[in-house]
Every structure is written in structure tokens, then in C-alpha cells.
1. So if the hydrodynamic radius of the range 4-104 is defined as the Kirkwood radius over C-alpha pairs, what does Stokes-Einstein give as its diffusion coefficient at 20 °C and 1.002 mPa s, in µm² per second?
2. What is the order of 92, 12, fewest Cβ neighbours within 10 Å to most?
3. Please work out how much length the chain gains when fully extended from residue 75 to residue 16, using 0.36 nm per residue of separation minus the C-alpha to C-alpha distance, in nm with one decimal.
4. Determine the gain in length on full extension of the stretch residue 24-residue 92; use 0.36 nm per residue of separation and subtract their C-alpha separation, reporting nm with one decimal.
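What follows draws every value from the coordinates through simple rules; no lab data is involved. Computed from a predicted structure; not experimentally measured. All Cβ positions, even for glycine, are placed from backbone atoms using ideal geometry, and neighbour counts span all protein chains on display.
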Amino acid sequence: MTTTHQGLALGHASAEIAAAHAGSEWVRIALEAFLSFAKEHQAFTTEQVRQAFPDLPLPPDKRAWGGITRLAKAEGIVEPMGWVRASSPTVHGMVVTLWKSKVLKVAADNEVFYGLPHESVSSSNAGGKCVTAGETAPNLKESNRP
């Protein structure tokens, strides 16, 4: 019988094999897309990255995206922050990782940009910052408050 830990290790290995089969050029392009998305969004799923870059070539095996997320985590681009239900019909409502960006850009006015345009209506609990569903408002220093 395979344990949960063994199953996870097998899944990671399969993702890395799928990414290798996709080729180094696909890995480079997909990782750049993942990094670009992480610079603009505090919290997101891999599914959202794929949807944001519709012109990105498809890998031969969708598990290759797991290899990209493992690379992104290893390179300090993201860290897991929880799980959410996937919205894509092809994922059948399964639970997927919610990634937290570790490379989020700072806006020109030194206020953190949380994935929505600054002119968007902000959640009232966000201290004036825009947050996406499921995010919590950041702790703001007095000097950063509007």
C-alpha cells in the first residue's frame, strides 16, 4: 500500500518528468509566465496563470505545470498558502494549491499592489488595498496608510 507521503513523492516525480518531457524551452517560457503573474498577484492558483497566458504553448502533459510550481517554489517565487476549489471544468472541482507570491511588485506610490487595479473598489477590511477573494488584508505600517 502506498502512503500519503509516498503518493506525494510519486506525484512530484511525475510532474518533474512531465516538465522535462515538455522541453527546456517550454519550462523557461512557463516559468517566466508564472513569475510574471506572481509579480502582479498576491495569491493565485496555477490555473489562473494558465488562463492569463492563453498563447503559452501547451505542454504534452498538463502535469508539467506541477514541475513549474516546484521550480517556482524552489526559486523563492511562491510558497503554498492553502487550497481552493478549481474553477476550470477540466479540473472537475478538485482542490488545488493556492500560491502566495514572494515577489509581489510594489506600486509607484509604495503601496502594495494586490492583483487588482488601484482604481478598483477595495474590500472594506483591506485597509484601502484591493484584495482578491480569499486574501486577508496586510498589516500596514502607519507610514503606508492613505
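1. Working: Rh = 13.7 Å.
Rounded, D is 157 µm²/s.
2. Numbers: 92 8, 12 14.
Lowest count first: 92, 12.
3. Working: separation 59, 0.36 × 59 = 21.24 nm, distance 1.49 nm.
Length difference between fully extended and current span is 19.8 nm.
4. 21.5 nm
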